[in-house]
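The values are calculated or read from the model by the stated rules, or taken from the named source; none is laboratory data. Quick caveat: nothing in here was measured; it's all calculated off a predicted structure. Cβ: placed from backbone, ideal geometry, glycine included. Neighbour counts: every protein chain shown. Keep in mind that these areas ignore ligands, DNA and RNA; they rest on the heavy atoms of the full protein, side chains included. Shrake-Rupley method; radii C 1.70, N 1.55, O 1.52, S 1.80 Å.
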Amino acid sequence: MAHTSALLSHNTEDILKTLRQQFTLDDKSLFNITATFLREVSDGLANYGHPMAMIPTFVRAVPDGTETGTFLALDLGGTNLRVCEVTLHGDQTFSLRQQKYKVSEALKTGEVTSLFDYLADSVDAFLTESGSPSTAVPPSLSRSTTQAPHSGTFVDDGSDTQVPLALTFSFPVEQTALDSGRLLTWTKGFAAKNAVGKDVVKLLQDAFDRKHIHVKCVALVNDTVGALLSRAYTSGGCILGAIFGTGTNGAYVEDVANITKLGNDPAAAQGGPMIVNTEWGGFNNTRSSLPSTPYDNKLDRESINPRYQAFEKFISGMYLGEIARNVLLSFVDAAPKPLLFGGRATEGLNKQWGLDTAILSEIAEAWEGLGRFAPPAQSNGKADEEERLQRVRGVVVQRLAFASDEVSLADADIVRQVCTLVVDRAARLSACAVAAVLVQTGRAHLSESGQETEGLQDAGKRIGVGVDGSLVEFYPNFQTKLRASLRVLVGAEVESRVDIGMAKDGSGAGAALCALVAQKQNQALQQRGGYEHDPKYAPSKLRTEEGVAYITSMQS
Ligand code: BGC
């Protein structure tokens, strides 16, 4: 493996070539990584305590788009904290009203009760500022709220004025039921004290109760599960929900029989499908298969969770800018002659996390002539390379706060190439995760096996994948790049049947759908008495309840 010191003796082109070798994953590596991924999937399904945690979610249903109701959801784990009110219209559409709140570094790293007090206060503020009675106002605020037939929460039955809320908590949580789960570890820069090992629903409920806020947390959901549920709701079917944003992760529909670590849990006896939250960000923490470079190692060493979330650190928005920053600084510092910016670095470039991944998106847009750089409609012909580099140069000057004469076109070219290498690698690795899920669920074979499409589950049918997150939403052509590698891994026939669609606002809509599942299950239990995992109340019994369609293989 080449080291940063290799810069000492090469000219820029040679160094870029070395960098390309370090960052480019050939097809053989993709197959190896996917094979390792599949082994870790099996380990995680068989044993608790594995870094790729393969968490059973106890969600055994995917919606079909007919569900209705208005639900409150709280979403922690992305860039912002969001409180939203989601209305499912029952025709595969939903509307959402939301408020975003900033989570300060102090809250992320302070005492956990302060963080959860803040969550509770945000919900309170949202409810207090809720719209006019013509909109769906929680019953605690409008006791005259009526409930449409089969509509969901905010139910005022006169006896209980607690507003039900679903919590989207996008961290690894070992779920024990739909409405409880223990935090396994923090990710994405969070490190609040005294949280690991605690039930996050209880932490939130305690905060509501401490503050006499009449809200009850009824469901706990990961954002990937939210993405899967909401994509199923809006498109009619989905087998994988994946996030490529600040963090990365995927949740997919698994056969309970394969989740052997459930042992004697009644859920195992019920059989059927269950959504599993893979926590694939923790794949290959040993880095035995992942292609670490010195820039990745530096990032990991300086992160607040060294040796954890290895896969996430190669892929997600929280880290890509930082990897690129590490590479660019090695060009700035090259000796005997600096190779970038005449050896200068700005404050942002010098600071850890100072290069936001959003800048990588902007650089790609500038190069490709997309977004705000799109040519006017009447223009014909492609901009020549110099024009494209001028646009990139403009972004570098502006976003990294250089003086205009400090950035040459050659500098812009280096920056662009470095950023592209970092993101291309992320897209190729992301494809390994998607391919592994397709293979795990019997929908694909790895094409190197030569098995082609023999004996595939749901052969010939569309395969729904819901995605969300800033990288997949804003980085130009991220999905196209991912698809190209997916095609290599599973073959063109299977890849062409994969429908990747945005699960926009999946955390909110998915949480609402999960609250609906919880509500249906609770209604069934209240009517019949019983225990959540009692086989008597298996999904087939709930099938008769309104609004929840049980997981079936996806129809074309
Ligand atoms: C968390 C996951 C989450 C993902 C995407 C990761 O850091 O561990 O639970 O789904 O980020 O938000």
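From the Cα gyration tensor of the range 265-304, with a ≥ b ≥ c the square roots of its eigenvalues, which class applies: rounded if a/c is under 1.5, or else prolate if a/b is larger than b/c, or else oblate?
prolate
For the pairs Lys108/Lys337; Lys261/Lys504; Lys461/Lys481; Lys193/Lys351, note any where the Cα-Cα span goes beyond 31 Å.
Lys108/Lys337; Lys261/Lys504
Ordering Val488, Val395 by accessible area with a probe of 1.4 Å, largest first, what comes out?
Val488, Val395
Over its Cα atoms, what ratio of radius of gyration to 2.2 N^0.38 Å does the range 19-109 give?
Here the answer is 1.66, to two decimals.
Using DSSP to define loop residues, name the chymotrypsin sites (Phe, Trp or Tyr not before Pro) in the range 250-318 whose beta-carbon has at most 10 other beta-carbon atoms within 10 Å.
Here no chymotrypsin sites (Phe, Trp or Tyr not before Pro) fit, given the DSSP loop and packing criteria.
In straight Cα distance, which aspartates and glutamates are under 14 Å from Lys198, not counting same-chain residues fewer than 8 positions off?
The reachable aspartates and glutamates, counting only those whose Cα sits under 14 Å from Lys198, are Glu111, Glu174, Asp179, Asp206.
Just the number please: accessible area per residue for the chain, 1.4 Å probe, all protein chains included, in Å².
40 Å²
Grab the Cα-Cα distance for Arg307 and Glu385, subtract it from 0.36 nm times how many residues apart they are, and report the gain in nm with one decimal.
Here the segment from Arg307 to Glu385 would lengthen by 24.0 nm.
Tell me the Rg and the Dmax, in Å, that the Cα atoms of the chain produce.
Spelled out, the Cα radius of gyration and Dmax of the chain are 24.3, 78 Å.
Just to be sure I understand the model, the point goes 7 Å from the Cα along the line to the Cβ. What's the resulting Ala106 to Ser288 distance in nm?
4.5 nm
Set the Förster distance to 56 Å, then compute FRET efficiency between Asp209 and Gln417 from the Cβ-Cβ distance, nearest 0.05.
After rounding to 0.05, the efficiency reads 0.55.
If you take the C-alpha gyration tensor of the range 383-481, multiply each eigenvalue by 5 and take the square root, what semi-axes do you get, largest first, in whole Å?
Gyration-tensor ellipsoid for the range 383-481: 41, 13, 11 Å.
Please compute the alpha carbon radius of gyration of the range 256-362, then divide it by the globular-protein estimate 2.2 N^0.38 Å. Two decimals is fine.
It is 1.55.
Using a simple spin-label model with points 7 Å from Cα along the Cα→Cβ vector, what separation in nm is obtained for Thr79 and Ala177?
Reported label-point gap for Thr79 and Ala177 is 3.7 nm.
Gln92 to Lys337: FRET efficiency via 1/(1 + (r/R0)^6), r the Cβ-Cβ distance, R0 60 Å, to the nearest 0.05?
The calculated FRET efficiency here is 0.50.
On a full-extension model of 0.36 nm per residue, what is the gain between Glu347 and Ser404, subtracting their alpha-carbon distance, rounded to one decimal in nm?
Contour length minus the Cα-Cα distance gives 19.0 nm.
When the label point is put 7 Å from the Cα of Ser42 along its Cα-to-beta-carbon vector, which residues of the range 252-294 have a backbone N closer than 14 Å?
The answer is 258-260.
Lys17 to Glu368: extension gain in nm, 0.36 nm per residue of separation minus the Cα-Cα distance?
Answer, rounded to one decimal: 124.2 nm.
Between Gln99 and Glu473, what FRET efficiency follows from the Cβ-Cβ distance if R0 is 22 Å, with the result rounded to 0.05?
Once the sixth-power term is evaluated, E becomes 0.60.
Please report Rg (one decimal) and Dmax (integer) in Å for the Cα set of the range 361-433.
My reading of the Cα-based Rg and Dmax gives 13.7, 43 Å.
At 222 nm, what helix-only mean residue ellipticity would the chain give, in deg cm²/dmol to the nearest 500, using -39500 (n - 2.57) for each DSSP H run of four or more?
-13000 deg cm²/dmol
With loop defined by DSSP as not H, G, I, E or B, and exposure as at most 13 other Cβ atoms within 10 Å, which is the longest segment of the chain clear of exposed GluC sites (Glu not before Pro)?
After excluding every exposed loop site, the longest remaining stretch is 130-451.
With each pseudo-label sitting 7 Å past Cα toward Cβ, what's the Ser496-Ala191 distance in nm, one decimal?
Simple spin-label model gives 5.0 nm for this pair.
Give me the percent of the accessible area of the range 419-490 that comes from carbon and sulfur atoms, probe 1.4 Å, all protein chains in place.
45 percent
Show me, for the range 452-458, the HN-Hα J-couplings you get by feeding each phi into the Karplus relation (A = 6.51, B = -1.76, C = 1.60, θ = phi - 60°), rounded to Hz, glycine and proline as x.
In residue order, the calculated couplings are 6, 10, 4, x, 7, 5, 6 Hz.
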